[in-house]
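None of the figures in this text is laboratory data; all of them are computed from the coordinates on show. Please read these numbers as outputs of a predicted model, since none were measured by experiment. A quick note on method: Cβ atoms are made from the backbone with ideal geometry, for glycine too, and the neighbour counts reach across all protein chains shown.
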Amino acid sequence: MHGVSLSRWTLSYFAAALIALMAAEALMTAGYGFPSAPLRAPETLLLVHLLAIGWLSLLLCGALFQFVPVLVAKPLHSGMLPLPTLLLLLSGLAALLAGFLQLGGVLPAEPHMPAIAALLLAGGFLLVLYNLGRTLWEARPLPLSARFVAVALIFLAATAALGVLFSLTFAGMVGSGPLLEIAASGVPLHAIAGIGGWLTFAAMGVSYRLLAMFMLAPETEGIRSKGAFWLGIAALVLAVPGGVLMIISGAPLWLLLALSGAVGLAAIVLYGADIVQLYRTRKRRAIELNSQMAACAVSCLFAALALSIVLIGLGLFTHHIGAVVFLLGFGWLSGLGLAKLYKIVAFLTWLECYGPVLGKVPTPRVQDLVTEGPARRWFVLYFLAVVVATTALLVGYALVFRLAAGLLLIATTGIAAHLVRTRRLTGVGLLDGMRRPNLFLPHLEPVQR
């Protein structure tokens, strides 16, 4: 990996994402949104979009700007676009959250706010699609991990398109009958496209590459991996484009979604088998903390699937869908994001500080920039809090859920403190003439001077 270029704004994406995650956890601790409010209440919608856009999407975009070039061994199409992209996404998110506050009566009503939010977010995500899409297009033929990301970008476009439709409909700017029908019944498709198509499919593709890279395991592109890829695509196509057609035609949606879920389950099982294979064939015998916690996140993914199957069998899935989504959002996606962030920040810091002098003077290892023992306690607390919060949602104990959300906030703050420690090179000797890097701001000039 020597010589890999740094994406200048990636750490800024990570900083904004962590702030959004901790803000959402603080709101949940205070009893804001679900389960104290209904799933479709403005308060819950604000929380969901703060997490989905502010935390998970910003985290993923920042990571993809850095690692898509690694996946395809080509430079990012434009190193200048990530900054305006970030500004558009943040301003669009702020407008969207303001719209939900207006809907909840906290702010004075402004009928144009949903359209403004839609315009800004659409612009930001279009820049993401253009920059990463051009990078992938110029690197064809793509390895399997990059193909996962390419499909994820397609469903990011679908998620954004449905979100824009909802916003414009709410603003009274849509008059087409079919579009109004999609807006009225398309929320499940929006969620599937976002959680399953954009976030999960991208996370699967990136995890294939990063787990192999960080554990020194051989990358897999066998029948099982390709099966996960094609079955995943089939499930998403059935659910999202197929679901839109079902809504327009007036046909029942649940049967198609059930079929999509069965196909998606098969894809996830194959993916899980691949991940187990990566752990078994690794050359790095001592598993680092980030890989251990990634295994916990994947376990949460399978726990969410098992919980879904049980709830469907009991006829309680709709009643407890909030618990399933929480386990997917915080156990699987957020757990994996925090685990990989712990390693990625150390990796990028090492590249920034020591990569330019590698081979010229003695340098520390990437692993020397972190302290796994103290950090482990925060990760363990985080996943325990996820289990407690999910259980509280299932049994209907809102107060216990709020206490668990408070533990999530404490654990996330502890993990963030370790990221700051890594960026400040705490405990690592500085080379002659070296200054400490900025925290989560662009590296405007070389660290070596």
| request: Over the alpha-carbon set of the chain, divide Rg by the Kirkwood Rh and report the Rg/Rh ratio to two decimals. | output: 0.95
| query | Rounded to whole Å and sorted largest first, what semi-axes of the equivalent ellipsoid does the C-alpha gyration tensor of the range 350-449 yield via the square root of 5 times each eigenvalue? | reply | 39, 13, 9
| Helix axis angle, 335-353 relative to the chain longest principal axis, alpha carbon, degrees | 30 degrees
| task | Working from Cα positions, state the angle (0 to 90°, nearest 10) between the long axis of helix 372-395 and the longest principal axis of the chain. | result | 10 degrees
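Once you keep just the Cα pairs under 8 angstrom separated by 6 or more residues, what percentage relative contact order results for the chain? Walk me through the intermediate numbers first.
Working: 584 pairs, mean separation 71.1, N = 449.
Dividing the mean separation by the residue count of the chain yields 16 percent.
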| Taking neighbour Cβ counts within 10 Å as the exposure measure, how do Leu103, Leu439, Leu11 sort from fewest upward? | Leu439, Leu103, Leu11
| lysines within cross-link reach of Lys74: Cα-Cα under 24 Å, excluding same-chain residues under 8 positions apart? | Lys226, Lys340, Lys343
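What's the exposure ranking of Ile275, Ile19, going from fewest to most Cβ atoms within 10 Å?
Numbers: Ile275 19, Ile19 15.
Going from sparsest to densest Cβ surroundings: Ile19, Ile275.
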| task | Rounded to whole Hz and in sequence order, give me ³J(HN,Hα) for the range 69-83 from the Karplus expression 6.51 cos²θ - 1.76 cosθ + 1.60, θ = phi - 60°, writing x for Gly and Pro. | result | x, 6, 4, 10, 6, 9, x, 4, 3, 9, x, 8, 6, x, 5
| query | Taking the Cα atoms only, what angle lies between the long axis of helix 254-280 and the longest principal axis of the chain, rounded to 10 degrees? | reply | 10 degrees
| query | Binning every alpha carbon pair distance of the range 89-173 at 10 Å from zero, what are the percents per bin? | reply | 18, 39, 23, 15, 5, 0
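Can you give the translational diffusion coefficient of the range 223-349 in µm²/s, computed by Stokes-Einstein from the Kirkwood radius over Cα pairs at 25 °C and 0.890 mPa s? Let's see the in-between values first.
On the way: Rh = 16.4 Å.
Translational D for this selection: 150 µm²/s.
Excluding Leu278 itself, calculate the net charge of residues whose Cβ lies under 13 Å from the Cβ of Leu278, where each Lys or Arg counts +1 and each Asp or Glu counts -1.
Net of charged neighbours comes to +3.
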| note | Amide H proximity to Phe34 below 5 Å, modelled H, separation 5+ or other chain, gives Thr44
| remark: A chain fully extended from Ala266 to Ala30 at 0.36 nm per residue, minus the present Cα-Cα distance, gains in nm 81.1 nm
